[in-house]
1. E616 is checked against (1) touching a residue at least 40 places away in the same chain (Cβ under 8 Å); (2) within 34 Å of the chain's Cα centre (by Cα) and fails just one. What number does that condition carry?
2. One residue is enough: does region 421-429 have a residue meeting the conditions farther than 30 Å from L46 by Cβ, touching a helix residue (DSSP H, G or I) at 6+ places or on another chain (Cβ under 8 Å), surrounded by fewer than 22 Cβ atoms within 10 Å (Cβ to Cβ) and outside the structural domain of K565 (by the TED database)?
3. How do the helices (runs of 4 or more DSSP H) wholly within region 351-398 filter down when requiring 3 or more residues that are outside the structural domain of S577 (by the TED database) and open to solvent by 10 Å² or more (accessible area, probe 1.4 Å): which remain?
4. Show the residue pairs meeting these rules: Cβ distance below 7 Å; 6+ apart or different chains; first residue within region 3-15 and touching a residue at least 40 places away in the same chain (Cβ under 8 Å) and outside any loop (DSSP other than H, G, I, E, B); second residue open to solvent by 30 Å² or more (accessible area, probe 1.4 Å) and of a type in the set (F, W, Y).
5. Looking at region 647-675, which of its residues are outside any loop (DSSP other than H, G, I, E, B) and of a type in the set (D, E, K, R)?
6. Which of the residues belonging to region 108-140 are in contact (Cβ under 8 Å) with a residue 12 or more places away in the chain, open to solvent by 30 Å² or more (accessible area, probe 1.4 Å) and charged (D, E, K, R)?
7. Within the set of pairs 6 or more residues apart or between chains, which connect a residue that is over 17 Å from K279 (Cβ atoms) inside region 382-403 to a residue that is surrounded by fewer than 23 Cβ atoms within 10 Å (Cβ to Cβ) and among the aromatic types (F, W, Y) with Cβ atoms less than 8 Å apart?
8. Count, please, the residues in region 463-513 that happen to be at pLDDT 95 or above and either charged (D, E, K, R) or in a strand (DSSP E or B) (or both).
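The values are calculated or read from the model by the stated rules, or taken from the named source; none is laboratory data. Here the structure is a predicted model, which is why all the values come from computation and not from measurement. With ideal geometry, Cβ positions are generated from the backbone for all residues, glycine too; neighbour counts draw on all protein chains shown. The protein model used for the area step is the full one, side chains on, heavy atoms only, and it has no ligands, DNA or RNA in it. Shrake-Rupley method; radii C 1.70, N 1.55, O 1.52, S 1.80 Å.
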Amino acid sequence: MGRTLQNTMINLGLQNACDEAVYQLGLDMEELEEIEEDAGLGNGGLGRLAACFLDSMATLGLAAYGYGIRYEYGIFNQKIRDGWQVEEADDWLRHGNPWEKARPEYMLPVHFYGRVEHSASGAKWIDTQVVLALPYDTPVPGYMNNTVNTMRLWSARAPNDFNLRDFNVGDYIQAVLDRNLAENISRVLYPNDNFFEGKELRLKQEYFVVAATLQDIIRRFKASKFGSTDSVRTVFDSFPDQVAIQLNDTHPAMAIPELMRIFVDIEKLPWDKAWDITKRTFAYTNHTVLPEALERWPVDLVEKLLPRHLQIIYEINQRHLDHIASLFPNDMDRLRRMSLIEEGDIKRINMAHLCIVGSHAVNGVAKIHSEIVKTQVFEDFAALEPEKFQNKTNGITPRRWLLLCNPGLAELIAEKIGEDYVRDLSQLTKLHKFVDDDLFIREVAKVKQENKVKFALYLEKEYKVKINPSSMFDVHVKRIHEYKRQLMNCLHIITMYNRIRRDPTKLFVPRTVIIGGKAAPGYHMAKMIIKLINAVAQVVNNDPTVGSKLKVIFLENYRVSLAEKVIPATDLSEQISTAGTEASGTGNMKFMLNGALTIGTMDGANVEMAEEAGEENLFIFGMRVEDVTELDRKGYNAQLYYERLPELKQAVDQIKSGFFSPKDPNLFKDVVNMLFHHDRFKVFADYEAYVKCQEKVSELYLNSKAWTKMVIRNIAAAGKFSSDRTIKEYARDIWHVEPSDLKIPPPNEPRDAGQDKTPNGTAA
């Protein structure tokens, strides 16, 4: 979520009033804003996407709740020591959190372990351990519409009789100390992005958020006029018409068997009715195609922790496979491929398969990704139910990612096309009229220059390096991962360095290359990549031959509040994943909206950005998905590229020989070995095209006017990438609710009962 103060002031239309009031108190608002901690409760794009969606849902007047875990420790703080990443705990609640309100009156029990007893009256899950889920509510204000939604985060609490109702009353002190075991559930965020780590505590977290949330939803449904009761029992027929639940990746997949458990075991619905309601309630968004990221929980672990849920999953699977066998008799291989249970050395539950079978809609997050989901990853399921599979291209909120972080540009745009674009970003196309307006071109360039000067001052303060603000700011910020190919950027830096040294008198377009992002603490290769970038920076930044022509900075502790500083100052946005690996990307959209040009592959949303702006207004290079597939078929041989391209050979040899690590010449042997022998993401295959494309970037940068005109064309084409558009599509195609642009009267005005015509829609 990042910081909340400035976003709240903007959405409430109070920013100028607050700035002025604080100024009159002799304080500086910007200084105050810098004191607030980021709420870092997610990993990379997935968590930030949810935050943008909350902003859009409130702005569109949808009755929507965001549910998650109130981690005591969020994503770790990254320190760089001697070029290495070191993790520190993110104690973000140390000084309290003024935006949250604990709601103990809505506390709910969550059960673990135990066993299942079957009887005539049905299954009973008994002898369980109970953990309490305490909700904390954070307001989510819509933009200037007097709507405030709720983000509800659950915190784990031990019940007061925890460990004391048992036979170990003897050790009272130990029993109280053991309360920590229950409360550890919400202690810390697992810091993996695009990687599955099958730990018991993580599965506990996933079930914890799901069980608490579903009880909360059902309580709310029963309290509404739709949860009508027939003498004793609630009638759940209208449940899917009143409730839509969107599964943000497979992490909350246990919601499917949990809702079935509630309907069948507790509410005593017949299985078929319960299953029909469940399927119509859930929809699933897939966020990655990397096999190592797909959740596959060991059956033994689920059986121990959630024995009833395992039985329900088996029953779902049995009925699912019976259906497929009826359509494809004797096709055993298809049954194996489509099963929710993977046989093998250890039996596992494929959570993506569970989500597909248990949902009425499945979507990818960019056109190219949704195609890959349909034709490759889940092709058997898409062949069975093609109408279930959709695309919903990701978006970003223009409130945080333009108004808040780039007020100069936002104001400049408003002067030309009015202020309405903030709620309807498609209006940015009106800027096409000004692409040849010399004054506008100069003003756009001036805003960018001011942002660069401000960020350069920040860098000089934080990193003690002199930055040339007229150099091209070439920025690559995102989680560190092999598929995102920070290594390819690194090879380009070394290539530029070698060219400067070869001929120091030759014209060179000055660059400040900024790379930032966190590596998962257990991801050895990602940590080596950080070390390599810092080692290269050390050499480049201290070579007098290079001077101010080339500077390399590794941006420490990349997070939302730092993105808000670096993105508006960026000239060139690096989006260089191997085609077919980045589901969408959202940083790409933030840079586009803030007047940076993109160098990128035809991957994720880059494809649609090029479609919107015209491919000639992005720097597109490298293999397409088809080329990658073909290269896999032929077999990728890194050695060939190394031998054919002298500049690549020189750069790799320098890494290999210890040119960048003289004290330990073998420091990067693992990196070099990976690049030659098991580089799944084919860095060498795109190196030549990348370097050539970068030369075209430098050439255009020399012509400031032509560069800025291309910038304006990009901003004018960024309208599609508002999360408002994304959410309207979810609302229309999946949730079946109508967004409302009614502005609720402010609380200080009396409501006219006659005008209160809010229709009852689904709560998402």
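1. Answer for E616: the failing condition is (1).
2. Within region 421-429 (the criterion being farther than 30 Å from L46 by Cβ, touching a helix residue (DSSP H, G or I) at 6+ places or on another chain (Cβ under 8 Å), surrounded by fewer than 22 Cβ atoms within 10 Å (Cβ to Cβ) and outside the structural domain of K565 (by the TED database)), the answer is no, since none of the residues qualifies.
3. Qualifying helices (runs of 4 or more DSSP H): 367-372, 379-384.
4. Pairs that qualify, where the first residue is touching a residue at least 40 places away in the same chain (Cβ under 8 Å) and outside any loop (DSSP other than H, G, I, E, B) and the partner is open to solvent by 30 Å² or more (accessible area, probe 1.4 Å) and of a type in the set (F, W, Y), are N11/Y143.
5. E647, K649, D653, K656, K669, D670
6. R115, K124, D127
7. So the pair list comes out as P398/Y421; R399/Y143.
8. Of the residues in region 463-513, 19 are at pLDDT 95 or above and either charged (D, E, K, R) or in a strand (DSSP E or B) (or both).
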